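Okay, structure first, notes after.
Every number here is computed from the coordinates shown, using simple stated rules; none is lab data. Bear in mind the structure is a predicted one, so any value in this text is a computation, not a measurement. Every residue, glycine among them, receives a Cβ derived from its backbone with ideal geometry; neighbour counts consider all protein chains shown.
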Ligand code: BGC
């Protein structure tokens, strides 16, 4: 029997969902995407997620969610790139109220990292592995010998005059209108900083911009072990599905 799980990846610009084949680490359905509502209040976001759940005709069983904030026991504790009204919202409760299903939520970068560790470049990697997702913000996931240390927020690390994601995320590249060379150097500085503090064995770059790795690769210090993730846009959905099944057992 196929091992299928629905998961939703909530992002600052889009809310994506699909059925995931957990044995293969692949999508089992088309990926459905809606724009993130504005304002992205808890009710509006979960009502959008509900459309995906209905589109995919998912019933009765729990859903996995990847969410761009610190998540502890399914409660959202921060809101750096999402509506402030999310702080202290219990996702399990609001999903149950609006969708009528049980759910399990994990930080979006932790989800992407879990998927990449299992099915991508992190497979069988020992030591310290860091996944960085470069998008609207910077998400990070830390692994020691394959085990996740959740909710580490490298994007919120104090850096120069604010926090690192204000300089090295993909949205910072667009906002500051950086060329690939300028962005590559900026990202390299951030990666060197992370390397100095955590001495990772491997850093994996995910998020939409991982698809364009060749455009800035030459500006990344070759002594850092940096690689683009392979799962690309679907890592967050696949990882949220894996997490859901893991904790549902
Ligand atoms: C949030 C993280 C999130 C990352 C990527 C950051 O602003 O603080 O929790 O993982 O964005 O979405």
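Note on the chain: Kirkwood hydrodynamic radius from all Cα pairs is 18.0 Å, rounded to one decimal.
For the peptides 90-96, 211-217, 109-115, residues were scored by their other Cβ atoms within 10 Å and the scores averaged per peptide; the highest-first order is 109-115, 90-96, 211-217. Computed from the alpha carbon atoms alone, the convex hull of the stretch 175-242 holds 110 Å³ per residue. Each semi-axis of the equivalent ellipsoid for the stretch 124-229 is √(5λ) with λ an eigenvalue of the Cα gyration tensor; in descending order they amount to 21, 15, 12 Å.
Spatially, the stretch 1-74 and the stretch 94-154 are offset by 15 Å when compared through their Cα centroids. Take each peptide in 196-207, 164-175, count the other Cβ atoms within 10 Å of every residue, and average; sorted highest first, the result is 164-175, 196-207. For the peptides 122-132, 52-62, the ranking by mean Cβ contacts within 10 Å, running from highest to lowest, is 122-132, 52-62. Out of every Cα-Cα pair that the stretch 1-124 contains, those further apart than 19 angstrom amount to 45 percent. Legend: translational diffusion of the stretch 1-48 by Stokes-Einstein, Rh = Kirkwood radius over C-alpha pairs, 4 °C, 1.567 mPa s; D = 112 µm²/s.
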